[in-house]
1. Note every residue of the stretch B:79-113 with a reduction of at least 30 square angstrom in accessible area, all protein chains present versus the isolated chain, computed with a 1.4 Å probe, or write none.
2. Starting from the Cα of A:K70, draw a straight line to each of the lysines and keep only those under 21 Å, dropping any in the same chain fewer than 8 residues away.
3. Using only the alpha-carbon atoms of the protein assembly as shown as identical scatterers, what base-10 log of I(q)/I(0) does the Debye formula give at q = 0.08, 0.13 Å⁻¹?
4. Taking GluC sites (Glu not before Pro) as exposed when DSSP calls them loop (any state but H, G, I, E, B) and at most 13 other Cβ atoms lie within 10 Å, what is the longest stretch of chain A free of them, the sites themselves excluded?
5. Could you work out how far the C-alpha centroid of the stretch B:72-109 sits from that of the stretch A:1-25, in angstrom?
6. Along the stretch B:22-34, what does the Karplus equation 6.51 cos²θ - 1.76 cosθ + 1.60 (θ = phi - 60°) give for ³J(HN,Hα), rounded to whole Hz, x for Gly and Pro?
7. Debye calculation, C-alpha points only, no solvent: report log10 I(q)/I(0) for the stretch B:11-63 at q = 0.14, 0.18, 0.27, 0.28 Å⁻¹, in the same order as the q values.
8. With θ set to phi - 60°, apply the Karplus curve 6.51 cos²θ - 1.76 cosθ + 1.60 along the stretch B:76-86 and write out the HN-Hα couplings as whole Hz, x wherever there is a Gly or Pro.
Amino acid sequence: DGGITQSPKYLFRKEGQNVTLSCEQNLNHDAMYWYRQDPGQGLRLIYYSQIVNDFQKGDIAEGYSVSREKKESFPLTVTSAQKNPTAFYLCASSTGRRAYEQYFGPGTRLTVT
Amino acid sequence: AQKVTQAQTEISVVEKEDVTLDCVYETRDTTYYLFWYKQPPSGELVFLIRRNSFDEQNEISGRYSWNFQKSTSSFNFTITASQVVDSAVYFCALDEEDGNKLVFGAGTILRVKS
């Protein structure tokens, strides 16, 4: 059945290491998004992509990088430059047209020590 | 700039009580869309409703209802006869003027006790 998968559910890394979070969708959606969620702050947009091979920075892109080589996949790399990487990361997709709801994956909880 | 305010950080109710979650938004757009999402403890956000700015009719879906008032820039969400399974974080969101992304409120934690 269709949906968005994120793996792994929990991820632990040492400070200074880059880490890549996976996001795959089989909904045939054009647009994909990465959000960061911290307690009490709601969701903040990191990066988004409206089409393959193109992506834009969101509100908090510093210390993160993405790629969009395939329509189905939108991996997020948390680099060592991200000062406070421990958070819950959510991936979403939509048809890309305005007003259409975003579908969310189950999220990855990243802990960096 | 677009902004969504959910002033209620946390609400606790007893099962079967009615509860209203507030959402106030700011936008310069004349055409815009508002959303509500539910985030249960599992973490995945679940879409509840979408409303466009030209449709001010209230909507009811089972125990859920939404009240959209452009005059006060509010889009409030009411759960009637709450249940423990309604316990979650609820987010209100507004689409950006360029239509490419959503602006989320900070969320309201709803705890329903049995």
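The values are calculated or read from the model by the stated rules, or taken from the named source; none is laboratory data. Model, not experiment: these values are computed from the prediction. Ideal geometry is used to build each Cβ from the backbone, glycine not excepted, and the neighbour counts take in all protein chains shown. Quick note on the areas: whole protein, heavy atoms, side chains included, nothing else; ligands and nucleic acids left out. Shrake-Rupley method; radii C 1.70, N 1.55, O 1.52, S 1.80 Å.
1. Buried by the other chains: B:F91, B:G99, B:N100, B:K101, B:L102, B:F104, B:A106.
2. Answer for A:K70, where 21 Å is the Cα cut-off: A:K57, B:K101, listed by chain and number.
3. Log-scaled intensity ratios, in q order: -0.29, -0.77.
4. In short, A:16-61.
5. After rounding, the separation between the Cα centres reads 26 Å.
6. For the stretch B:22-34, the Karplus curve yields 8, 8, 10, 10, 10, 7, 9, 5, 8, 10, 8, 9, 10 Hz.
7. After summing over all Cα pairs, the log10 values are -0.54, -0.85, -1.30, -1.32.
8. Ordered by residue, 3J(HN,Hα) equals 8, 10, 10, 10, 9, 6, 4, 10, 4, 5, 7 Hz.
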